[in-house]
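**Student:** Below: one structure in structure tokens.
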Amino acid sequence: MRELMAVAQRRIPFLFGIRGVLALYVLGFHLNYMLLAAHAVVPAWYHRWTDWIRFGDFRVAAFFVISGFLLTIPTTRTADWRLPAGVKAFLIRRAERLLIPYYAAFALSLALFVPWLVLTGQPVHARLLLAAIVSHALLIHNLHPATMLLVNDTLWNVALEFQCYLLFVFVLLPSVRRHGPWLQLILVTLFALAPHFLLHGFLDWVRPWFVALYAMGVAGCALANRSYPELQRTEGRVPWGAIWLVTAIATPLAVAASGVDTPYGDGWLANLLLGASVTSFLVYVRLGSPGRLGGLAKVTTSALSFGPLCALGRISYSVYLIHFPILRLLVALAAKTSLPFGAQVALAAGVFVPFTVACAYLFHLRVERPFQDRVPVAAPKGGRVAQLAPG
């Protein structure tokens, strides 16, 4: 996504900051649960200080909005919403960018999973482990609750994102061509919520409403297509700043109302509110943040452009891929010592987390970045070779 982010950085330079915030939240969320899982009883003070991070299931929701937004940028340059190098080149590039680091991270996860099983005495049936390996290889492990979180809890998101790539080229873009971005969003949202409401929560563990978040990003970016004057008029009439502020306030209220350790299915409303907030904010800033809320938007973008936060955002995919198995093993090792719980918390936050981020940085340099920097070429019809545009 480096080439996508390079284009976006010229227009929306704070996107790395958003990714950095999400990476911090994911790190804190998982570290908290690892500490709780490693100790049957924890002091009351720990719950008072950390239970806030257990509200809601929206840790990666904004990633899907941003991904849909960025991948739509190249298609807004033509009236037919064409991918510059075609569907095949798009999927090859996305697979290369997403999956090579993913498979490397899965191999590392397996290598760290076995000693963690031995250390903690966790039983895992050989057939289940084999099923997890095969389903992870095929990127379908998120479709079954038994394999979704096995080996590395975070990798379900990668499978769903790649599935969203397929939906993007075969469903979302054709829907935008035929129905326009808004009807596309409505249809996809209804489809994404149907299993929860019509099938009594079937597939809730997959979070199908994340597809609607992806469609939000597509719709928000699609307004920038200057081949459609009606989209420009809509873009100018909608009070994006007000929508951003209202949904930004409503999101934490919905999260708090859902309670601690929210089940997957109870998080759909908070996820959609967060998606609406991120989408409206992206559009509002793209338009120059007009109106009374412009000052607040500029303060927000300035805070999100904080250097260290953006630096973390640049390696956030690597952080996301490998932090879980590393932290889980380190926390389990610490739990086997005689250190007091408070000392283990300090060790985890002060040593384990920085060490894990450093490992992610090395993973980023060695595994992820080579495929970010490489820009492929594609030969379109007519024989002229054109550089593959972002996406």
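**Student:** Please specify each residue of segment 115-133 satisfying the condition of being at pLDDT 95 or above and either under 18 Å from Leu321 (Cα atoms) or outside any helix (DSSP H, G or I) (or both).
**Tutor:** Those that are at pLDDT 95 or above and either under 18 Å from Leu321 (Cα atoms) or outside any helix (DSSP H, G or I) (or both): Trp116, Ala132, Ile133.
**Student:** Need the failing condition index for Phe106 against (1) more than 17 Å from Leu327 (Cβ to Cβ); (2) of a type outside the set (Asp, Glu); (3) in a helix (DSSP H, G or I), just the number.
**Tutor:** (1)
**Student:** Checking the conditions here, which among Leu112, Leu70, Leu117, Leu83 is more than 15 Å from Val218 (Cβ to Cβ), among the aliphatic types (A, V, I, L, M) and in contact (Cβ under 8 Å) with a residue 60 or more places away in the chain?
**Tutor:** Values: Leu70 fails: more than 15 Å from Val218 (Cβ to Cβ); Leu117 fails: in contact (Cβ under 8 Å) with a residue 60 or more places away in the chain; Leu83 fails: more than 15 Å from Val218 (Cβ to Cβ).
Leu112 is the lone residue from the list that is more than 15 Å from Val218 (Cβ to Cβ), among the aliphatic types (A, V, I, L, M) and in contact (Cβ under 8 Å) with a residue 60 or more places away in the chain.
**Student:** Then there is this: State which residue pairs qualify: first residue within 17 Å of Pro101 (Cβ to Cβ) and part of a helix (DSSP H, G or I) and inside segment 136-161, second residue polar (S, T, N, Q) and modelled with pLDDT of 95 or more in any location, beta carbons under 6 Å apart, and separation of 6 or more residues or different chains.
**Tutor:** Sorted first by the residue in segment 136-161, then by its partner, the pairs are His141/Ser135; His141/Thr147; Trp156/Asn142; Ala159/Asn142; Leu160/Asn142.
**Student:** Being within 13 Å of Leu70 (Cα to Cα) and either in a helix (DSSP H, G or I) or in contact with a strand residue (DSSP E or B) (Cβ under 9 Å, 6 or more places away or on another chain) (or both) is the filter here; which residues of segment 218-237 pass it?
**Tutor:** Passing the criteria: Val218, Ala219, Gly220, Cys221, Ala222.
**Student:** Given the criterion part of a helix (DSSP H, G or I), closer than 19 Å to Arg93 by Cβ, over 20 Å from the mean Cα position of the chain (by Cα) and modelled with pLDDT under 95, identify the matching residue among Pro370, Pro380.
**Tutor:** Details: Pro380 fails: part of a helix (DSSP H, G or I).
When all the criteria are applied, what remains is Pro370.
**Student:** Okay, next question. Within segment 38-64, can you find the residues that are free of Cβ contacts under 8 Å to residues at least 40 places away in the same chain and aliphatic (A, V, I, L, M)? Can you show your working first?
**Tutor:** Applying the first criterion (free of Cβ contacts under 8 Å to residues at least 40 places away in the same chain) to segment 38-64 yields 40-41, 44-45, 47-50, 52-53, 59.
Listed by number, the residues that qualify are Ala40, Val41, Ala44, Ile53.
**Student:** Going through segment 31-78 one residue at a time, which ones are within 18 Å of Arg207 (Cα to Cα) and part of a helix (DSSP H, G or I)?
**Tutor:** Step one: of segment 31-78, the residues within 18 Å of Arg207 (Cα to Cα) are 54-68.
Once the filter is applied, which keeps residues that are within 18 Å of Arg207 (Cα to Cα) and part of a helix (DSSP H, G or I), segment 31-78 yields Arg54, Ala61, Ala62, Phe63, Phe64, Val65, Ile66, Ser67, Gly68.
**Student:** Within the bounds of segment 261-281, is there any residue that is of a type outside the set (Gly, Ala, Ser), surrounded by fewer than 15 Cβ atoms within 10 Å (Cβ to Cβ) and closer than 23 Å to Phe197 by Cα? Break it down stepwise before answering.
**Tutor:** Of the residues in segment 261-281, the ones of a type outside the set (Gly, Ala, Ser) are 261-264, 266, 268-269, 271-274, 278-279, 281.
Going one step further and asking which of them are surrounded by fewer than 15 Cβ atoms within 10 Å (Cβ to Cβ), we end up with 261, 263.
Checking the rest, the ones that are also closer than 23 Å to Phe197 by Cα come to 261, 263.
Yes, that holds for at least one residue.
**Student:** Let me ask you something else. For Asn32, which of the numbered conditions (1) out of contact with any strand residue (DSSP E or B) (no Cβ under 9 Å at 6 or more places or on another chain); (2) buried (at least 16 other Cβ atoms within 10 Å of the Cβ); (3) more than 24 Å from Arg93 (Cβ to Cβ); (4) at pLDDT below 95 fails to hold?
**Tutor:** Condition (4) is where Asn32 drops out.
**Student:** Further question: Which pairs turn up if I take residues in segment 330-352 that are modelled with pLDDT of 95 or more and look for partners that are hydroxyl-bearing (Ser, Thr, Tyr) with beta carbon separation below 8 Å, at least 6 apart in sequence or on another chain?
**Tutor:** Here the result reads Leu330/Thr356; Ala332/Thr120; Phe341/Tyr46; Gln344/Thr337; Val345/Tyr46, each pair linking segment 330-352 to a residue that is hydroxyl-bearing (Ser, Thr, Tyr).
**Student:** Scan segment 134-155 residue by residue and report those that are among the hydrophobic types (A, V, I, L, M, F, W, C) and either closer than 21 Å to Leu70 by Cα or surrounded by fewer than 16 Cβ atoms within 10 Å (Cβ to Cβ) (or both).
**Tutor:** Narrowing segment 134-155 to residues among the hydrophobic types (A, V, I, L, M, F, W, C): 134, 137-140, 143, 146, 148-151, 155.
Correct list: Val134, Ala137, Leu138, Ile140, Ala146.
**Student:** Shifting gears a bit: Go through Arg19, Arg10 for me and flag whichever is at pLDDT below 90 and not hydroxyl-bearing (Ser, Thr, Tyr). Please lay out each step first, then the result.
**Tutor:** Working: Arg19 fails: at pLDDT below 90.
Being at pLDDT below 90 and not hydroxyl-bearing (Ser, Thr, Tyr) holds for just one of Arg19, Arg10, which is Arg10.
**Student:** Right, another one. Any residue at all in segment 254-261 that is closer than 17 Å to Phe29 by Cβ, hydrophobic (A, V, I, L, M, F, W, C) and either without any contact (Cβ under 8 Å) to a residue 40 or more places away in the chain or not in a helix (DSSP H, G or I) (or both)?
**Tutor:** Of the residues in segment 254-261, the ones closer than 17 Å to Phe29 by Cβ are 255-256, 258-261.
Still in the running and hydrophobic (A, V, I, L, M, F, W, C): 255-256, 260.
Restricting the remaining residues to those that are either without any contact (Cβ under 8 Å) to a residue 40 or more places away in the chain or not in a helix (DSSP H, G or I) (or both) gives 260.
Yes, the conditions are met somewhere in segment 254-261.
**Student:** Moving on. Looking at this structure, is Glu230 out of contact with any Leu (no Cβ under 7 Å at 6 or more places or on another chain), acidic (Asp, Glu) and either farther than 21 Å from Ala61 by Cβ or buried (at least 18 other Cβ atoms within 10 Å of the Cβ) (or both)?
**Tutor:** Values: out of contact with any Leu (no Cβ under 7 Å at 6 or more places or on another chain): yes; acidic (Asp, Glu): yes; either farther than 21 Å from Ala61 by Cβ or buried (at least 18 other Cβ atoms within 10 Å of the Cβ) (or both): yes.
For Glu230, the condition - out of contact with any Leu (no Cβ under 7 Å at 6 or more places or on another chain), acidic (Asp, Glu) and either farther than 21 Å from Ala61 by Cβ or buried (at least 18 other Cβ atoms within 10 Å of the Cβ) (or both) - is met.
The values are calculated or read from the model by the stated rules, or taken from the named source; none is laboratory data. Since we're looking at a predicted model, the values are computed, not measured. Heads up, the Cβs are rebuilt from the backbone with ideal geometry, glycines too, and the neighbour counts pull from every protein chain shown.
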